[in-house]
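The values are calculated or read from the model by the stated rules, or taken from the named source; none is laboratory data. Nothing here was measured: the structure is a model prediction, and the numbers come from that model. Ideal geometry is used to build each Cβ from the backbone, glycine not excepted, and the neighbour counts take in all protein chains shown.
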Amino acid sequence: MASALEVTNVVKSFNGARRALDGVSLELREGEVLGLLGPNGAGKSTLVRTIMGRVAVASGEVRIFGRPAPSGDSAAREHVGFVPQEIALYPLLTARENLMVFGRYQRLGGDALDAAIREALEWSALSERADEQTKTLSGGMKRRLNMAAGVLHKPRVLLLDEPTVGVDPQSRERIYAMIETLRGGGVSLIYTTHYMEEAERLCDRIAVIDHGRIIALGTKDELVRSTIGVRREIIIETTDGQRLTQLIDKADEMLPLMKGVEARGLAVRDVTLRVPTLEKVFLHLTGRELRE
Amino acid sequence: MIFSIIRTGWMNLRRDRAATVLSFVVPIVFFSIFASIFGAQRSSTPKVTVALVDEDQSEHSKQLVAALLQETALRVIESPKNETQKFDARSAEAYVRAGKAPAALVIPKGFGATSIHFGPTTDRGPAFRLLADPSDPIAKQVVAGLLQKTLMTAMPDMMISSGIDALDKWGGGLTPQQRSIFGQRVTELQRRPASQRQQTTNGDSLVNLQVKDVVGNNDKTPLIGFYAAGIGVMFMLFSATGAGGALLEEVESGTLDRILSTRVSMRTLLLGKLLYLWSLGLAQLLVMFLWAALVFRLTLRGHLAGFAIMAAATALACSAFGLMLAAASRTRAQLSAISTLAVLSISALGGSMVPRFLMPESIQKAGLVLFNAWALEGFMNVFWRNLPLNSLLLPVVVLVAWALAFFLAARQLTKRWEVA
């Protein structure tokens, strides 16, 4: 699979302090969804801003479809779209007017702009609310409009920075569907999130960044194997609501564990055996210590 | 509980620098500006500049010129700056029209022969001419008063009495009939009501003085243009800084990141913002002057070209200033504090609130550093002095130069948002 985006050995420090990016290398393949996970302050935002050309790096390089994309070069990023974490829209403009503004900023005009706005409204299920002021839309609608504003120019690479923050499950499902549509269209995505189940569900591969370095990169199974190994996670729930979680190497370790619970006078209500979640992998890699 | 509420309020205020500045620094700065403007006038009366023309060139007129030059309340100039050619009536009038002096005094030919007249008479000899800019109503009063003071130092009835006594003593004595007539005149003068005695600049004054307003003769509402410009410019500055704050909103809301991720560069964005603010400023000034024309009878027709030129240049400078203040601020609250302080200060010093001619000369000169003073000067040239369009060249050049400097400063300041 060809590379849509390559980040090679990027180093960035702010005000001579600890390196925000410490030799980051990353490849986004064409048509894949790459999850970018990391604790707060790990360097996710700096990496995204570097890809967008908004960070002057000390060393290293960003390439987009094989072409060097130095910082500040907007022409090199004409095929890149960006959806910020904030609702970066004009609240007093209608949904349609917002899309018109950002479409024009992408140098769209005339029929092409009209068609792009129509498609974006349909994609985000906002056609019926297109002429309402953005401030009157619900949180989920604003999130979808925020995404729509980033795809008007039909980017081949899209950077999504926590697009589901603060939305209800229904809106989240709709956003997942929108992302699946993009993936179906061959768009390559970098997806930044703190929701592990979201990354598990949507991403082909996952990169974990911490202290400015990519500390793990691969599919979920690869990450589990490389961190936790072949062990499985057993969860035993008791009738009084207690929950015991432990990693085991073999299935025959389950029975002694259950007997041990009963020996303490507790009754087992439910037992689950599963491959460790991404959250387990994440905490294994980054630790449980508070970062902020 | 109430104590906790009070304490919380003070703690929040202490940590909110913008609110602290607005609460304490802005009033102090503003007070200081006004204290400098008006407080200084108490210690020394500001001198009134007067262009002096001596058409008579007699011994008496030269004595008068010398006396006027000694007058501490006047700054008498006999020729334009850096020129040796003395004023004549025409050049002095042009000088006043150009706003370089609020008044010109012409000592008429024949003054020496009939220098002082006592009492009303139809044959009063040639009249002094005081050519005045009525936008400075104080100046002509001061010049007229000081002219009389210089010519005479006593009340007219006393002067007449003294003159009669002197005549009686040294002239061989007056007849009873003459004494009766003179006594009647003195009584008449003494009985004149105070209101008539004050009319010394016109009519039957001791000095035959004709006052002529040489600026804005046809305008019945002389200072409307000044106030329309003054208030218009001040509020344009407020709205430019407020609207410039949209840039900070773009930063805070993330739209700036989004915009800069498109094909729009920071330079293009700033230029777009500047032109938006410029068009907003133009619209504001247009509304202000249309209102002044409709309601206060400002003569807008006939001044349209001058208005358009000055409005365009003023709006450009104000817009760039607002943009620069926004770019220099970190938050909207900070911008609010800085812009309130800056706009009120430069409006006061630049003459938006108080006409600059009422300020001490040093502050008038210092005020010329401010771009809004040049804006008001230009509008006065158009609406008050009726000067030709080429008189706007200097104000426009100054305003455009300031606009360019402000814009370049804004561009430099916004680099921090561009690439980290």
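Observations
- Against the list (1) among the small types (Gly, Ala, Ser); (2) under 14 Å from the mean Cα position of the chain (by Cα); (3) farther than 22 Å from A:Gln85 by Cα, the condition A:Ser3 fails is (2).
- Residues in segment A:101-112 that are of a type in the set (A, V, I, L, M, F, W, C) and within 13 Å of another protein chain (Cβ to nearest Cβ): A:Val101, A:Phe102, A:Leu108.
- Residue that is nearest to A:Gly103 (Cα to Cα), among those in segment A:68-78 that are of a type outside the set (Ser, Thr, Tyr) and either assigned to a strand (DSSP E or B) or free of Cβ contacts under 8 Å to residues at least 24 places away in the same chain (or both): A:Ala75
- Count of segment A:85-139 residues, restricted to those that are more than 27 Å from the chain's Cα centre (by Cα) and at positive phi, is 2.
- Residue identified as in a helix (DSSP H, G or I) and either more than 17 Å from the chain's Cα centre (by Cα) or over 16 Å from B:Lys100 (Cα atoms) (or both) among B:Val396, B:Val382: B:Val396
- Near pairs, Cβ below 7 angstrom, 6+ apart or cross-chain, from segment B:90-104 (more than 14 Å from B:Val211 (Cβ to Cβ) and in contact (Cβ under 8 Å) with a residue 60 or more places away in the chain) to any residue that is crowded, with 23+ Cβ neighbours inside 10 Å and among the aliphatic types (A, V, I, L, M): B:Arg97/B:Val215; B:Gly99/B:Met380
- Test for A:Gly81: is it within 14 Å of chain B (Cβ to nearest Cβ), in contact (Cβ under 8 Å) with a residue 40 or more places away in the chain and in a helix (DSSP H, G or I): no
- Here is the figure for segment A:120-152: residues that are assigned to a helix (DSSP H, G or I) and within 14 Å of chain B (Cβ to nearest Cβ) total 8.
- For segment A:46-61, the condition holds for at least one residue, the condition being that it is of a type outside the set (D, E, K, R), touching a residue at least 12 places away in the same chain (Cβ under 8 Å) and assigned to a strand (DSSP E or B).
- Among the conditions (1) modelled with pLDDT of 85 or more; (2) under 29 Å from B:Lys47 (Cα atoms); (3) surrounded by fewer than 19 Cβ atoms within 10 Å (Cβ to Cβ); (4) among the aliphatic types (A, V, I, L, M), B:Met353 misses just one, which is (1).
- Exclusive hit being crowded, with 18+ Cβ neighbours inside 10 Å and in the same structural domain as B:Ala127 (by TED's automatic domain parsing), set B:Ala73, B:Ala104, B:Ala98, B:Ala67: B:Ala104
- Search result, residues across segment A:47-78 that are among the basic types (Lys, Arg) and more than 8 Å from chain B (Cβ to nearest Cβ): A:Arg63, A:Arg67
- Residue in segment B:237-257 that is surrounded by fewer than 20 Cβ atoms within 10 Å (Cβ to Cβ), within 14 Å of another protein chain (Cβ to nearest Cβ), without any contact (Cβ under 8 Å) to a residue 24 or more places away in the chain and part of a helix (DSSP H, G or I) present: yes
- Condition check for B:Phe407: under 30 Å from A:Gly72 (Cβ atoms) and buried (at least 16 other Cβ atoms within 10 Å of the Cβ): yes
- A:Ile234 being of a type in the set (Val, Ile, Thr), under 29 Å from A:Ala251 (Cα atoms), outside any helix (DSSP H, G or I) and at pLDDT 90 or above: no
- Test: residue in segment B:13-30 that is within 18 Å of B:Lys140 (Cβ to Cβ), of a type outside the set (Phe, Trp, Tyr) and in a loop (DSSP other than H, G, I, E, B): no
- Residues in segment A:84-100 that are in contact with an Asp or Glu (Cβ under 7 Å, 6 or more places away or on another chain) and within 11 Å of chain B (Cβ to nearest Cβ): 3 in all.
- Contact map, segment A:222-236: first residue surrounded by 13 or more Cβ atoms within 10 Å (Cβ to Cβ), second residue among the acidic types (Asp, Glu), Cβ cut-off under 6 Å, separation 6 or more or different chains; pairs are A:Arg231/A:Asp249.
- Filter pass, A:Gly31 being more than 14 Å from chain B (Cβ to nearest Cβ), closer than 27 Å to A:Leu145 by Cβ, part of a loop (DSSP other than H, G, I, E, B) and out of contact with any His (no Cβ under 7 Å at 6 or more places or on another chain): yes
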